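Working notes, structure below.
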Amino acid sequence: MIKVILCDDHELVRKGIRNTLESEVDIRIVGEASKAEDLKKVMLQHECDVLLLDINMEGRSGLEVTEQLAKQESKTRILIVSMHPEEHYALRSLRAGAHGYFHKSGNPSQMIQAVRLLAQGRSYVTPEIADLLISNLSATDSKHMHDALSQREMDTLKLIGTGKRLTDIARQMMISPKTVSVYRSRILEKLKLSSNGELMLYTLKNNLND
């Protein structure tokens, strides 16, 4: 039996995934969470083979959770399930330590296949992601400057790109305004920019808020 935990901040999404997976006799949902803080408690209570994890959640993002689990050398296999375009987040998810990336618009049967592959110790990528991986390996010089950002810095950049104030960003990310200012300074340094206006323009040019 493949034991699965779901983590997504939308209850309807979790219900849809649960119905899809539990229609299979070899898959069982053992726990659910709507945010990273709750997920930690659920994972302490239940062992699981595969974690289905959304990227955008209250507080810490799914990619931060992925990075932490990778550092802890967790045996749980991680499938990122997201609405973000594959070209923007698939490679970033895999670099963070995920074992697969599934777009929420995908065929439910492919999600089932992905869960089974991960439970076997294998990885799941679509042909499109495979092409991205090949292109990334063969064109290392074309990497974007924002690839050097940590996930927290990337989240901060995207929020600055939408025009939010630092205090609003701090509230949304559940951190202090001082910490947001530190992230902003690092982002400016890494991207070689000097103002919020330039950061907003950068996010537009690179389609980071799609």
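The values are calculated or read from the model by the stated rules, or taken from the named source; none is laboratory data. Note that the structure is a prediction, hence the values are computed from the model and not measured. Backbone-built Cβ (ideal geometry, glycine too); neighbour counts: all protein chains shown. Protein only, heavy atoms only, side chains kept; ligands, DNA and RNA dropped before computing areas. Shrake-Rupley method; radii C 1.70, N 1.55, O 1.52, S 1.80 Å.
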Against the conditions (1) at pLDDT below 95; (2) open to solvent by 40 Å² or more (accessible area, probe 1.4 Å), where does R28 fall short? Just the number, please. (1)
Filtering segment 43-76 down to residues that are closer than 20 Å to M1 by Cβ and open to solvent by less than 10 Å² (accessible area, probe 1.4 Å), which residue is nearest to the chain's Cα centre (by Cα)? L52
Just checking, how many residues over segment 165-189 are closer than 28 Å to L94 by Cβ and open to solvent by 80 Å² or more (accessible area, probe 1.4 Å)? 4
Does at least one position in segment 140-156 carry a residue that is at pLDDT 85 or above, out of contact with any Asp or Glu (no Cβ under 7 Å at 6 or more places or on another chain) and over 28 Å from S194 (Cβ atoms)? no
Restricting to segment 40-51, what's the tally of residues that are in contact with a helix residue (DSSP H, G or I) (Cβ under 9 Å, 6 or more places away or on another chain) and either acidic (D, E) or over 23 Å from Q120 (Cα atoms) (or both)? 2
Please count how many residues of segment 190-210 are open to solvent by 50 Å² or more (accessible area, probe 1.4 Å), at pLDDT below 85 and under 20 Å from R92 (Cβ atoms). 5
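This table checks each residue for (1) free of Cβ contacts under 8 Å to residues at least 24 places away in the same chain; (2) of a type in the set (V, I, T); (3) more than 25 Å from Q68 (Cβ to Cβ); (4) in contact with a His (Cβ under 7 Å, 6 or more places away or on another chain).
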residue: A114; (1), (2), (3), (4): no, no, no, no
residue: L159; (1), (2), (3), (4): yes, no, no, no
residue: I169; (1), (2), (3), (4): yes, yes, no, no
residue: S176; (1), (2), (3), (4): yes, no, no, no
residue: K190; (1), (2), (3), (4): no, no, no, no
Selected residue [part of a helix (DSSP H, G or I) and touching a Gly at 6+ places or on another chain (Cβ under 7 Å)] from L91, L69, L63: L69
What is the residue count in segment 115-125 for residues that are out of contact with any Gly (no Cβ under 7 Å at 6 or more places or on another chain) and closer than 13 Å to I80 by Cα? 1
